[in-house]
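In what follows, a structure is listed as structure tokens, so that the remarks can point back to it.
Where a number appears in this text, it was derived from the coordinates with a stated rule and is not lab data. The model shown is predicted, which means the values in this text are computed figures rather than measured ones. Neighbour counts run over all protein chains shown; Cβ positions are idealised from the backbone, glycine included.
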Amino acid sequence: MNVRSHPRIALAGAALAALALSGCVTDPETGNRTISKAAIGGVGGALGGYLLGDLLGGRNDRTEKIVGAGIGAIAGAGVGAYMDAQEKKMRERTAGTGVDVVRQGDELLLRMPSGITFATNQSSIQPQFQPTLNEVAATLAEYPKTMIDVLGHTDSDGTEAYNQALSERRAQSVADYLASHGVARVRVATMGYGETRPIASNETPEGKAQNRRVEIKIVPAVEG
């Protein structure tokens, strides 16, 4: 594959270059220019957001599994209305809970800060968050013709290996909870990204709090 001719990689590379240049700092003693840690976090957030359109396991294969399980798929012309209704219901049921519902085209992304979902360094869902996750599960069960990715993320504190394992455990914990509350397992996939996809700077406590999160991505399964 010619990397320069691939539009996704070319655009990602351009974003990386632009952010890296804007984040360069000069050492006052040596005169050397380096990329700041904050800029690296910004690059990760930009590329992570750009690549978020990818679906774990591939759309066609997973749609076939959902259809094969007897759930069915959405006719192309009805996708927008189906996702509009699901978005409205999800916003109603999570209002005031700390869960962000983000619309991206015909996809939905639910961002759940780990501060309300998990205790520090734990992967068991906190009891006080379970009623909210019950509402999320009920909505997902009500609109079954979608694929669901559960994505775990951490801040940069600790080792990369530890953060990777923690993000995987948290994603799996949420997926297991959804499956135990009426969401068909065939619809759900999980991935842990550790500290590799920050959405804010890891240089501040506020930024770290945003980066410690679990996301639920909801993608329509479309006929054909």
If amide H atoms are built 1.01 Å from N in the plane of the peptide, which residues on other chains or at least 5 residues away come under 5 Å of the amide H of Gly194? Thr154, Ser167, Glu168
Reach of Lys208 by Cα under 16 Å, taken over lysines that are not fewer than 8 positions away in the same chain: Lys37
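Packing-wise, with mean Cβ within 10 Å as the measure, how do 205-211, 187-193 rank, highest first? Provide the component values of the computation, followed by the final result.
Numbers: 205-211: 16.3, 187-193: 20.7.
Sorting 205-211, 187-193 by mean packing, highest first, produces 187-193, 205-211.
Report the equivalent ellipsoid semi-axes for region 56-220 in whole Å, largest first, defined as the square roots of five times the eigenvalues of the gyration tensor built from alpha carbon atoms. The partial results should precede the final answer.
On the way: eigenvalues 145, 54, 45 Å².
Three semi-axes, in Å: 27, 16, 15.
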Over region 56-220, what is the mean sequence separation of C-alpha contacts under 8 Å (at least six apart), divided by residue count, expressed as relative contact order in percent? 29 percent
What residues qualify as long-range amide H neighbours of Phe118, i.e. H under 5 Å apart, gap of 5 or more or another chain, H built at 1.01 Å from N? Gln126
